[in-house]
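Each value in this text was obtained by applying a stated rule to the coordinates, not by laboratory testing. Just so it is clear, the model here is predicted, and its values are computed rather than measured. Neighbour counts run over all protein chains shown; Cβ positions are idealised from the backbone, glycine included.
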Amino acid sequence: MENFLKLKNDLLSRPYLSSYDMEHLNKFIQLLNKALVDHNYQLDFYDYFILGVRYYFRKDWTTSLIYAEKTIELNPNYPRAYNLKALILRELKRYNQALEFVEKAIELNSNLSFLWDNKANILADLGFYKEALECEDKALELENDNIFALTNKASILRKMAKFEEALELLEKALSIKPKRISALHEKAICLIDLKRYQEAIKTLDEILEIEPKDYAAYYNKACAYSLLNDKLNAINNLKKAIELNPDYKFLAMDDKDLDNIKNEEEFKNLIK
């Protein structure tokens, strides 16, 4: 029981939980089950919240939503529960509802950096880039080394074709956490947009050193090589991407970055 309570307090004390915490979240489930059996433990709203987060990172949106709503039912003034529900609704592409719930979380506590970052992401999904940037600025005002906000702000700037500004933020994020895969992906895409293809390939190779089965990295390498008119490397990387994720054959069909290889027989065979 002591180990369970210690882990629970540790998880709740973190400014925010991420997929990097899955090992601890899975351990929480094991210890919770033991506490229920051995000590007739009664769950409180914190337990339901942690369970909701765990199932969120497992992409089980239905179960996560049930636990988020149970948390809100038990404590209607807990901002992180509204934020969790907003995150789930965003995954379900119910953006207006997601915005409503993250705003409720901010109303309860406007001093949490990650709430402003999440609101920015939802606004960006809705195409409100200016308002999204304002929210990211608020997030970074509260926590200037928030790597999520730095990366997400860079993503918004990239969508606005402000590539150099985006790269500057990504370098800052990577100086804090050099192996942050989402930041490396954003950096690679920015470099491709800037026609700095060799640098993009080098960045994508960094990702593959960390995660050898990252199909998006292989796909973007294929795009970069195609834009360099290096057809052999483009096709080889596209093949790896499709082997790891067959859905990429449909994306490849209409991707203009791959125009240089679309007449190749190997390409036609890959997208059959």
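Observations
- Among the listed pairs 195/239; 202/249; 6/27, those with a Cα-Cα distance over 20 Å are 195/239; 202/249.
- Couplings 3J(HN,Hα) of segment 174-179, computed from phi: 6, 6, 7, 9, x, 9 Hz, in residue order, whole Hz [Karplus 6.51 cos²θ - 1.76 cosθ + 1.60, θ = phi - 60°; x for Gly and Pro].
- In Hz, Karplus ³J(HN,Hα) per residue of segment 189-199 (6.51, -1.76, 1.60; θ = phi - 60°; x = Gly, Pro): 5, 4, 5, 5, 4, 8, 6, 9, 5, 5, 5
- Between residue 145 and residue 9, the C-beta separation translates, for a Förster distance of 35 Å, into a calculated FRET efficiency of about 0.90.
- Computed E for residue 161/residue 74 - FRET, C-beta separation, R0 41 angstrom, nearest 0.05: 0.35
- Each residue of segment 214-230 was assigned a 3J(HN,Hα) from its phi angle through the Karplus expression (A = 6.51, B = -1.76, C = 1.60, θ = phi - 60°), giving 6, 5, 5, 5, 4, 5, 5, 5, 4, 5, 5, 5, 4, 5, 7, 6, 8 Hz with x at Gly and Pro.
- Spatial extent of segment 82-179: Rg and Dmax, with the Cα atoms as the point set, Å: 12.9, 36
- Segment 218-240-segment 29-54 distance, computed between alpha-carbon centres (Å): 48 Å
- 11 Å reach of a label modelled at residue 271, 7 Å along Cα-to-Cβ, counting backbone N of segment 225-258: 249-258
- In this structure, residue 22 and residue 254 have a Cβ-Cβ separation that, at R0 = 30 Å, corresponds to a calculated FRET efficiency of about 0.30.
- Evaluated at q = 0.11, 0.14, 0.24 Å⁻¹, a Debye calculation over the C-alpha positions of segment 1-109 (equal weights, vacuum) places log10 I(q)/I(0) at -0.33, -0.53, -1.39.
- From the largest down, the chain spans 65, 40, 33 angstrom on the principal axes of its Cα atoms.
- Residue separation of residue 247 and residue 60 scaled by 0.36 nm, minus their Cα-Cα distance, works out to 65.3 nm of gained length.
- Sorted fewest first by neighbouring Cβ atoms within 10 angstrom, 102, 37 come out as 37, 102.
- Ranking of 247, 257, 193 by count of other Cβ atoms within 10 Å, fewest first: 247, 193, 257
- The magnitude of the dipole of the chain, with charges of +1 and -1 set on the Cβ of Lys/Arg and Asp/Glu and taken from the Cα centre, is near 440 debye.
- Taking the convex hull of the alpha carbon positions in segment 203-272 and averaging its projected area over all directions gives 4.0 nm².
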